[in-house]
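Q: Please read through the structure below; I'll follow up with questions.
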Amino acid sequence: MSDGWNPMSRTPAAFAPITCLGADGEEYAGLCFSTHRGEIIEPITNKAAEPVIGPMRGWKYEPELSRIP
């Protein structure tokens, strides 16, 4: 994918904060990949993200706050 988005076929690192691009074109931040569940989850509730936000077209890592000047 372009614009820094990774395809959904590529698995993100476990529990690293990611932003997902929904099929509706909206960005959904604060999610992470659970290796135990094998899916992207909302970490506070530990629920699967896809049933709530719908199909996802891509993902990218969120910038680390410690690296932002």
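The values are calculated or read from the model by the stated rules, or taken from the named source; none is laboratory data. The model shown is predicted, which means the values in this text are computed figures rather than measured ones. FYI the Cβ positions are ideal-geometry reconstructions off the backbone, even for glycines, and counts take in every protein chain you see. Remember, those area values only see protein heavy atoms, side chains included, never the ligands or the DNA or RNA. Shrake-Rupley method; radii C 1.70, N 1.55, O 1.52, S 1.80 Å.
Q: For a quick check of your reading of the model, give me the residue pairs whose first member lies in the stretch 4-21 and is within 21 Å of His36 (Cβ to Cβ) and open to solvent by 50 Å² or more (accessible area, probe 1.4 Å), whose second is of a type in the set (D, E, K, R) and in a loop (DSSP other than H, G, I, E, B), with beta-carbon atoms closer than 8 Å and at least 6 apart or on different chains.
A: Listed pairs, sorted by first residue: Pro17/Glu62.
Q: Next question, about the same structure. When you scan the stretch 46-55, do you find a residue that is open to solvent by 50 Å² or more (accessible area, probe 1.4 Å), touching a helix residue (DSSP H, G or I) at 6+ places or on another chain (Cβ under 6 Å) and without any contact (Cβ under 8 Å) to a residue 60 or more places away in the chain, even just one?
A: Of the residues in the stretch 46-55, the ones open to solvent by 50 Å² or more (accessible area, probe 1.4 Å) are 46-47, 50-52, 55.
Narrowing further to those that are touching a helix residue (DSSP H, G or I) at 6+ places or on another chain (Cβ under 6 Å): none.
There is no residue in the stretch 46-55 that is open to solvent by 50 Å² or more (accessible area, probe 1.4 Å), touching a helix residue (DSSP H, G or I) at 6+ places or on another chain (Cβ under 6 Å) and without any contact (Cβ under 8 Å) to a residue 60 or more places away in the chain.
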